[in-house]
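What follows is a short report on a single structure.
The values are calculated or read from the model by the stated rules, or taken from the named source; none is laboratory data. Computed from a predicted structure; not experimentally measured. Here the Cβ positions follow ideal geometry from the backbone for every residue, glycine too, while neighbour counts run over all protein chains shown. Accessible surface areas use protein heavy atoms only, side chains included; no ligands, DNA or RNA. Shrake-Rupley method; radii C 1.70, N 1.55, O 1.52, S 1.80 Å.
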Amino acid sequence: MIVVLYLILGAAAGLIAGLFGVGGGLIIVPALVFSFSFQGISSEVLTQLAIGTSLATIIFTSISSIKTHHSKGAIDWALVKRLTFGIVIGAVLGSIFADYLPGETLQMIIGIYALTVAVQMGFDLKPKAEHDLPKGAGLSVAGGIIGAISALFGIGGGSLTVPYLSWCRVEMRNAVATSSACGLPIAVAGVCSYIVTGWNTPDLPEYSFGYIYLPAFLGIIMTSTIFAKQGAKLAHSLPSHILKRYFALLLLCVGSKFIFF
């Protein structure tokens, strides 16, 4: 029963990622929190376990996305390189910080972020392209902020990286593609950190590898990549503005659940 749930979750996350161009982590983390709670996993560890597991699945979905964007020549690899150092440092620090936060506090922060993304998507808010890409250490600092927030929430960072790059006058096509490439170092650095910080943590369920819950991880990756491709195809045939509003409504419900209930 639980395995089937993870397969369905992977399919839903992949479909949503393909349809809306956002990382499946926005769906995977809340769904895993509810699933782990249903399974009776300790509230002391279930939120961190959900975040770490989500980041582990993003490694595979990110690789699939990178292949597609790279084949079209849309990724600015020089920009990815400049962002990666900060991203890795930020992801490690964000993961360590998450380990020290109580689960309820972490869920509330995730809920606030979900509400923020819901408002952005619901009203189709986009930053104006009015700044140039920073020089020197500026991009590393930006990468550090993106990496820290992404690792804290268990996401690939697309909802942060794309608006930032667009704000810095990067063409949307390249911003989306470059963001997909940045999701890989976020996920790898975050996963390594969540494995280390959760290694000797008590109350973890059987088949956990640090804060990575292997049954959920395997079930999700088996279906997420397949359905991400289907979601991308559907995105070209369905009214995107209406779909985004429905997804915003879903995030509104998730965020409200984490904050108020």
Is it fair to say Ala216 is surrounded by 17 or more Cβ atoms within 10 Å (Cβ to Cβ) and of a type in the set (A, V, I, L, M)? yes
Given the conditions (1) touching a Ser or Thr at 6+ places or on another chain (Cβ under 7 Å); (2) open to solvent by less than 70 Å² (accessible area, probe 1.4 Å), which single one is not true for Phe60? (2)
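Against the condition outside any loop (DSSP other than H, G, I, E, B) and at pLDDT 95 or above, how does Phe217 come out, does it pass?
Considered against the rule, which asks whether it is outside any loop (DSSP other than H, G, I, E, B) and at pLDDT 95 or above, Phe217 comes out as yes.
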With the checklist (1) at pLDDT below 95; (2) of a type in the set (S, T, N, Q); (3) crowded, with 17+ Cβ neighbours inside 10 Å; (4) more than 13 Å from the chain's Cα centre (by Cα) in hand, flag the one item Gln48 doesn't pass. (1)
Within region 129-149, residues being within 20 Å of the chain's Cα centre (by Cα) and free of Cβ contacts under 8 Å to residues at least 60 places away in the same chain number 7
Out of all the residues in region 20-45, which are surrounded by 20 or more Cβ atoms within 10 Å (Cβ to Cβ), at pLDDT 90 or above and not in a helix (DSSP H, G or I)? Ile41, Val45
